[in-house]
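Colleague: Structure incoming, see below.
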Amino acid sequence: MTDLENSLVLSNISKQYGDRFANNNISLEVVGGRITAIVGENGAGKSTLMKIIHGSISPDSGNLNWNGKILTKHSPAHARDLGIQMVYQHFSLFETLSVQDNISLALGSENLIGEPSILDRINQKCEEFGIVIDPDRLIYSLSMGERQRVELVRCLLQKVNLLILDEPTSVLTPQETKSLFGVLKRLADRGVSILFISHKLYEVKELCDQAIILRNGKVEGSFNPKKKTVVEIANLMVGEELTVPKNFEKRESETTILEVKNFYSDNSGSFSTSLKDLNFDLRAGEILGIAGISGNGQAELFNAVSGEGDQMCEGMIEFKEKDISHLSPQMRRETGVHFVPEDRLGRGAIETMSLWENSILTLAVPEIRKKFFLDKSYLNSWTKEIIEKFSVQCLGYAANAGSLSGGNLQKFIMGREILQQPEVLVVTNPTWGVDVAAAAAIHHALISLRDRGAGILVISEDIDELFKLSDRLMVICEGKLSKARSIKSTSIQEVGQQMVGANSSTTLANESR
Amino acid sequence: MIKFELRETESRVMSVVSPLLAGILTLLTGGLLFYALGEPPAKTLYTFFIVPVSTLYGLSELTVKATPILMCAIGLTLCYRANVWNIGAEGQLLIGALVGGYAALLLGNSTSFWALPLTLCLGIFGGLCWASIPAMLKISFNTNEILTTIMLNYIALNLLLFAIHGPLKDPHGYNFPESALFSDNVLLPTLFDALRMHIGFFIGILLIVLLWIGINKTLIGFQITALGKDDKASRFAGFNKKALTWLVFIMSGGLAGLAGAIEVTGPIGQLIPHISPGYGYAAIVVAFLGRLHPLGILLASLLMALLYLGGEMVQIELGLPLALTGLFQGILLFFLLSCDVLITYRIRFVRKRTELN
């Protein structure tokens with residue numbers, strides 16, 4: 001293998017949107033057969049850079065150099081010819097088709113004929129890289145981790161010299177992450193270059209040979225992550241002393257504030273999960289975490305508590321010993337229970353509406369919400385307060401929600417609920433796809449809300465986050481909840497096992513291979 | 001090779017340029033069409049678009065035609081903002097005309113001041129009831145409102161035809177399928193002698209102002225827009241989707257019913273088979289041409305009225321078919337929708353990619 005093989009050199013790449021540089025004079029080098037991490041806050045220019053490498057955006061200036069040749073006319077099709085493949089953060093799979101069909105669709109007709117058959121080739125690749133997947137299963141029945149493997153196998157069956165992964169571990173259990181890393185290391189050993197985009201600095205440290213930090217569209221540094229501590233990396237990334245919550249005191253609280261009793265929902269026949277006999281209590285002044293792989297009933301649980309679901313359900317949801325299960329979301333807010341959904345755009349906020357308009361959505365001040373005319377001056381100052389107190393980076397209260405970066409929008413949505421002083425806050429994936437600084441701000445806000453005596457229910461797929469935040473932890477698997485346990489009396493390994501279910505068909509041995 | 005590329009943000013310039021571009025393309029296509037028919041394009045276009053509004057009488061007629069279109073379009077704007085695809089303004093207008101007309105016949109001998117307002121209110125009520133049928137079907141059975149409203153348009157037309165061929169036919173009308181002429185006290189007052197312009201147009205302007213206030217300043221208006229933009233977010237916010245759907249249907253039906261009642265008590269003065277030359281359908285075009293914005297639909301309804309007048313004018317002056325009006329409406333909507341692509345996409349001309357390696 002020569003030095004040139006599978007190497008990519010970017011020189012002076014710039015891309016400008018309006019007067020903002022998404023990428024500003026970026027030069028970097030990806031060495032063949034190495035795993036390179038690209039880390040940076042949201043809005044640092046990572047996605048733009050990946051799209052330039054993948055050919056879907058062309059840079060304003062600068063050039064790409066693949067194996068010593070300058071790429072003059074780059075496009076996704078051309079990238080595919082060169083063997084540059086990408087696994088996106090959001091999968092593009094057809095839910096109602098099987099694994100094999102999805103892979104066939106991506107390959108194109110010329111790859112489907114001839115020997116060995118597509119099924120054999122899938123099985124062969126899976127064996128070669130130690131990937132466990134059943135080609136006949138339908139996509140909707142797969143966990144996020146399994147879906148990712150489908151995407152991965154799809155890339156592997158084509159020519160692959162450079163593999164780009166965008167936040168690949170955000171939806172995985174610890175065991176799944178481990179097995180993914182195994183595959184990636186094996187690929188790197190065969191000379192494939194890998195670009196790994198992640199917010200999770202521990203993973204970068206464990207997996208990558210080289211890390212490149214982007215900040216405000218510029219390369220801030222390049223180093224060997226194995227030789228730096230996580231705090232050092234984080235400081236390079238955000239450019240200031242990191243404010244991850246120090247080991248704050250975990251608590252055991254006694255007063256129940258929200259109680260769910262014998263809750264069932266029946267969703268059989270649809271793609272969602274039925275909830276089976278949920279019982280738990282959330283106490284005032286604690287953070288109760290719910291861990292689980294996505295698709296195990298988290299969305300249904302959230303809808304049941306927020307009152308959005310139209311599924312058939314029975315059971316009681318008591319807030320301060322009063323049943324609220326028949327109330328609308330807005331009436332629940334007025335009693336003091338607030339919610340932050342998983343989807344920021346398209347549920348928590350409306351993309352094409354301004355921030356002040358979005359502030360109306362969950363406002364639980366009856367004098368304002370029940371007025372016939374909108375009280376614009378109240379709403380404007382309310383929006384300004386959210387923006388200020390949660391340091392939301394935006395063009396003011398009239399900016400469209402869609403113009404904010406993910407982290408800033410999440411801060412806005414968090415602020416919108418937290419500043420209303422809820423007594424119970426239910427949050428799904430509070431820091432999903434959010435940069436370190438925003439995540440820290442959100443964690444701080446949640447903790448100080450807890451310290452003011454509110455009960456907080458955090459539903460998250462990020463196990464590290466749950467261990468960091470929660471006082472007690474439950475696991476949801478196939479619509480059933482485990483008993484809540486104090487965080488001190490459980491471990492990441494144990495929770496990871498519960499997440500895949502003791503009786504699950506996929507055994508742990510396979511998962512952690 | 002022509003390539004459409006997604007823009008980073010929607011182009012504000014294009015959202016203004018697109019209707020203008022669509023207008024120009026419509027004129028060009030219309031010119032070509034006239035040329036193909038063997039008419040001089042420039043003169044015919046002049047007859048179509050300029051002659052009808054070159055007199056005071058013409059301008060008055062413009063407002064007469066624009067009034068029902070405008071009223072229907074106001075209601076449809078509310079529906080479309082809420083993502084409710086009410087295509088039934090035509091049927092709601094006809095039922096409004098029928099119920100209003102029936103009231104006008106019954107109240108013919110009344111000398112009360114309230115006879116006309118009552119007639120109009122019953123027209124509103126008729127349209128509103130008609131719109132409540134698809135509303136109920138949609139809310140209770142999740143029926144697609146596009147289908148039900150279109151079907152109800154035909155039922156409404158046949159109800160009208162039944163009424164004027166049967167129970168409401170003028171006994172002294174030589175068996176023509178028409179009702180008796182309404183008496184003067186239930187006719188809308190006209191503003192000037194010898195012109196047909198009536199107060200309906202000003203009611204329309206007033207409604208436009210109310211629409212603007214409604215969608216920009218009130219919580220309900222906000223909820224309607226939010227529901228249309230993002231169903232999930234408005235459910236998360238706890239807005240009452242059923243109530244909002246009812247509301248927009250009823251408002252739209254009521255306004256279309258008012259338009260119908262105004263037509264029969266205004267320029268027509270009796271119930272006839274052809275109350276509406278497709279005003280309810282034209283209003284759909286107007287709502288989109290005006291970008292669901294109050295000022296936009298006011299201008300668009302005037303333009304649409306001009307197409308009606310122009311069609312009549314070229315029929316009278318040059319003997320061209322009246323179907324040209326519908327054709328122009330269609331061409332205009334077609335170009336508008338096509339040009340709207342440019343708001344979210346840009347066109348790039350690229351040469352076919354040559355292999356590099």
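Colleague: Please enumerate the residues belonging to the range A:5-18 that are at pLDDT below 85 and either within 27 Å of the chain's Cα centre (by Cα) or loosely packed, with under 14 Cβ neighbours inside 10 Å (or both).
Modeller: Scanning the range A:5-18 gives A:GLN16, A:TYR17, A:GLY18.
Colleague: Now a separate question. Pick out, from the range B:131-235, the helices (runs of 4 or more DSSP H) lying fully within it that include 1 or more residues that are among the basic types (Lys, Arg). Lay out the reasoning, then the answer.
Modeller: On the way: elements: B:145-165, B:200-217, B:219-229.
Hits in the range B:131-235: B:200-217, B:219-229.
Colleague: Kindly indicate the residue of the range A:55-68 that is modelled with pLDDT of 85 or more, surrounded by fewer than 20 Cβ atoms within 10 Å (Cβ to Cβ) and within 15 Å of A:LEU162 (Cβ to Cβ) and also farthest from the other protein chains (Cβ to nearest Cβ) among those meeting that condition.
Modeller: A:ASN65
Colleague: When the residues of the range A:369-379 are filtered to those that are touching a helix residue (DSSP H, G or I) at 6+ places or on another chain (Cβ under 8 Å) and in a helix (DSSP H, G or I), which remaining residue is modelled with the lowest pLDDT?
Modeller: A:ARG369
Colleague: In this structure, does B:ILE224 turn out to be under 30 Å from A:LEU361 (Cα atoms) and under 13 Å from the mean Cα position of the chain (by Cα)? Full working, then the answer.
Modeller: Details: under 30 Å from A:LEU361 (Cα atoms): yes; under 13 Å from the mean Cα position of the chain (by Cα): no.
Criteria not met by B:ILE224.
Colleague: Now for a different question. Can you tell which of A:LEU195, A:LEU187 is crowded, with 21+ Cβ neighbours inside 10 Å, among the aliphatic types (A, V, I, L, M) and within 21 Å of A:GLU146 (Cα to Cα)? Full working, then the answer.
Modeller: Values: A:LEU187 fails: crowded, with 21+ Cβ neighbours inside 10 Å.
Testing whether each residue is crowded, with 21+ Cβ neighbours inside 10 Å, among the aliphatic types (A, V, I, L, M) and within 21 Å of A:GLU146 (Cα to Cα) leaves just A:LEU195.
Colleague: A:CYS394 passes all but one of (1) within 8 Å of chain B (Cβ to nearest Cβ); (2) within 20 Å of A:PRO430 (Cα to Cα); (3) of a type in the set (A, V, I, L, M, F, W, C); which number fails?
Modeller: (1)
Colleague: Please indicate, with yes or no, whether at least one residue in the range A:70-82 is away from chain B (no Cβ under 14 Å), modelled with pLDDT of 85 or more and either more than 26 Å from the chain's Cα centre (by Cα) or in a loop (DSSP other than H, G, I, E, B) (or both).
Modeller: No, every residue in the range A:70-82 fails to be away from chain B (no Cβ under 14 Å), modelled with pLDDT of 85 or more and either more than 26 Å from the chain's Cα centre (by Cα) or in a loop (DSSP other than H, G, I, E, B) (or both).
Colleague: Another question, then. Look at the range A:251-283 and say how many of its residues are crowded, with 19+ Cβ neighbours inside 10 Å and in contact with a strand residue (DSSP E or B) (Cβ under 6 Å, 6 or more places away or on another chain). Break it down stepwise before answering.
Modeller: From the range A:251-283, those crowded, with 19+ Cβ neighbours inside 10 Å are A:257-258, A:260, A:263, A:265, A:273-275, A:278, A:280, A:282-283; that's our starting set.
Filter again for in contact with a strand residue (DSSP E or B) (Cβ under 6 Å, 6 or more places away or on another chain), leaving A:257-258, A:260, A:263, A:265, A:274-275, A:278, A:280, A:282-283.
Within the range A:251-283, residues that are crowded, with 19+ Cβ neighbours inside 10 Å and in contact with a strand residue (DSSP E or B) (Cβ under 6 Å, 6 or more places away or on another chain) number 11.
Colleague: Let me ask you something else. Out of all the residues in the range A:56-111, which are within 13 Å of A:VAL150 (Cα to Cα), aromatic (Phe, Trp, Tyr) and without any contact (Cβ under 8 Å) to a residue 60 or more places away in the chain?
Modeller: A:PHE94
Colleague: When you look at B:SER301, is it farther than 19 Å from B:LEU20 by Cα, more than 14 Å from chain A (Cβ to nearest Cβ), under 14 Å from the mean Cα position of the chain (by Cα) and surrounded by 16 or more Cβ atoms within 10 Å (Cβ to Cβ), yes or no?
Modeller: When the stated conditions are applied, B:SER301 does not pass them.
Colleague: Still on this structure, I have one more. Report, ordered by the first and then the second residue, all pairs with beta carbons closer than 6 Å, sequence separation of six or more or different chains, a first member in the range A:316-329 that is more than 13 Å from every other protein chain (Cβ to nearest Cβ), and a second member that is basic (Lys, Arg).
Modeller: Here the result reads A:MET316/A:LYS261, each pair linking the range A:316-329 to a residue that is basic (Lys, Arg).
Colleague: Looking at the range A:245-264, can you tell me whether even one residue there is aliphatic (A, V, I, L, M) and either within 24 Å of A:SER405 (Cβ to Cβ) or at pLDDT below 70 (or both)?
Modeller: Applying the first criterion (aliphatic (A, V, I, L, M)) to the range A:245-264 yields A:257-258, A:260.
From the residues that got through so far, the ones that are either within 24 Å of A:SER405 (Cβ to Cβ) or at pLDDT below 70 (or both) too are none.
No: the range A:245-264 contains no residue that is aliphatic (A, V, I, L, M) and either within 24 Å of A:SER405 (Cβ to Cβ) or at pLDDT below 70 (or both).
Colleague: Residue check: is A:MET331 assigned to a helix (DSSP H, G or I) and buried (at least 23 other Cβ atoms within 10 Å of the Cβ)?
Modeller: Here the answer is no, as A:MET331 does not meet what is asked.
Colleague: What tally of residues in the range B:145-164 results from selecting those that are free of Cβ contacts under 8 Å to residues at least 40 places away in the same chain and exposed (fewer than 14 other Cβ atoms within 10 Å of the Cβ)?
Modeller: 3
Colleague: Now for a different question. Taking A:SER98 as the residue in question, decide whether it is touching an Asp or Glu at 6+ places or on another chain (Cβ under 6 Å), more than 10 Å from chain B (Cβ to nearest Cβ) and among the small types (Gly, Ala, Ser).
Modeller: Yes: the conditions hold for A:SER98.
Colleague: Residues to consider are B:GLY260, B:GLY296; find the one that is within 21 Å of B:LEU118 (Cα to Cα), out of contact with any strand residue (DSSP E or B) (no Cβ under 9 Å at 6 or more places or on another chain) and more than 14 Å from chain A (Cβ to nearest Cβ). Step through it out loud before you land on a result.
Modeller: Working: B:GLY296 fails: within 21 Å of B:LEU118 (Cα to Cα).
Selected residue: B:GLY260, the only one of B:GLY260, B:GLY296 that is within 21 Å of B:LEU118 (Cα to Cα), out of contact with any strand residue (DSSP E or B) (no Cβ under 9 Å at 6 or more places or on another chain) and more than 14 Å from chain A (Cβ to nearest Cβ).
Colleague: What number of residues within the range B:230-266 satisfy the criterion of being in contact (Cβ under 8 Å) with a residue 60 or more places away in the chain and either closer than 15 Å to A:ARG347 by Cβ or touching a His at 6+ places or on another chain (Cβ under 7 Å) (or both)?
Modeller: 2
Colleague: Considering only residues that are small (Gly, Ala, Ser) and crowded, with 16+ Cβ neighbours inside 10 Å, look in the range B:191-208 and name the one that is nearest to the chain's Cα centre (by Cα). Break it down stepwise before answering.
Modeller: Here is the first cut: in the range B:191-208, the ones small (Gly, Ala, Ser) are B:194, B:200, B:204.
Going one step further and asking which of them are crowded, with 16+ Cβ neighbours inside 10 Å, we end up with B:200, B:204.
Values: B:GLY200: 15, B:GLY204: 12 Å.
If we take residues in the range B:191-208 being small (Gly, Ala, Ser) and crowded, with 16+ Cβ neighbours inside 10 Å, then B:GLY204 is nearest to the chain's Cα centre (by Cα).
Colleague: Please give the number of the condition A:TRP382 fails out of (1) crowded, with 23+ Cβ neighbours inside 10 Å; (2) more than 12 Å from chain B (Cβ to nearest Cβ); (3) part of a helix (DSSP H, G or I).
Modeller: Unmet condition: (1).
Colleague: Among residues belonging to the range A:19-32 that are modelled with pLDDT of 85 or more and in contact with a helix residue (DSSP H, G or I) (Cβ under 7 Å, 6 or more places away or on another chain), point out the one that is surrounded by the most Cβ atoms within 10 Å (Cβ to Cβ).
Modeller: Checked the range A:19-32; the qualifying residue surrounded by the most Cβ atoms within 10 Å (Cβ to Cβ) is A:ASN23.
Colleague: Consider A:GLN175 against the criteria (1) at pLDDT 85 or above; (2) over 25 Å from A:ALA437 (Cα atoms); (3) crowded, with 18+ Cβ neighbours inside 10 Å: it satisfies all of them except one. Which criterion is unmet?
Modeller: (1)
Colleague: Do we find that B:ALA97 is under 19 Å from the mean Cα position of the chain (by Cα), modelled with pLDDT of 95 or more, under 24 Å from B:ILE164 (Cβ atoms) and not polar (S, T, N, Q) in this structure?
Modeller: yes
Colleague: Within the range B:221-253, how many residues are of a type in the set (Val, Ile, Thr) and either more than 16 Å from B:GLU145 (Cα to Cα) or within 9 Å of chain A (Cβ to nearest Cβ) (or both)? If you could, list the steps in order and put the result at the bottom.
Modeller: Within the range B:221-253, the subset of a type in the set (Val, Ile, Thr) is B:224-225, B:245, B:248, B:250.
So of that shortlist, the ones also either more than 16 Å from B:GLU145 (Cα to Cα) or within 9 Å of chain A (Cβ to nearest Cβ) (or both) come out as B:224-225.
Counting residues in the range B:221-253 that are of a type in the set (Val, Ile, Thr) and either more than 16 Å from B:GLU145 (Cα to Cα) or within 9 Å of chain A (Cβ to nearest Cβ) (or both) gives 2.
Colleague: Considering the range B:209-227 alone, what residues qualify as being more than 19 Å from A:ARG369 (Cα to Cα) and surrounded by fewer than 20 Cβ atoms within 10 Å (Cβ to Cβ)?
Modeller: B:VAL209, B:LEU210, B:TRP212
Colleague: A further question follows. Determine which single condition A:GLU367 fails, assuming it passes every other condition in (1) within 14 Å of chain B (Cβ to nearest Cβ); (2) of a type in the set (Asp, Glu); (3) crowded, with 20+ Cβ neighbours inside 10 Å.
Modeller: Among (1) within 14 Å of chain B (Cβ to nearest Cβ); (2) of a type in the set (Asp, Glu); (3) crowded, with 20+ Cβ neighbours inside 10 Å, the lone unmet condition for A:GLU367 is (3).
Colleague: Could you check, for the range A:105-122, whether at least one of its residues is in contact with a Lys or Arg (Cβ under 6 Å, 6 or more places away or on another chain) and part of a helix (DSSP H, G or I)? Explain how you work it out, then say what you get.
Modeller: Within the range A:105-122, the first condition is being in contact with a Lys or Arg (Cβ under 6 Å, 6 or more places away or on another chain), and the residues that meet it are A:106.
Next cut, part of a helix (DSSP H, G or I) only: A:106.
The answer is yes, given that some residue of the range A:105-122 is in contact with a Lys or Arg (Cβ under 6 Å, 6 or more places away or on another chain) and part of a helix (DSSP H, G or I).
The values are calculated or read from the model by the stated rules, or taken from the named source; none is laboratory data. Remember, it's a predicted structure, so these values are computed and weren't measured experimentally. So basically every Cβ, Gly included, is an ideal-geometry build from the backbone, and we count neighbours across all protein chains shown.
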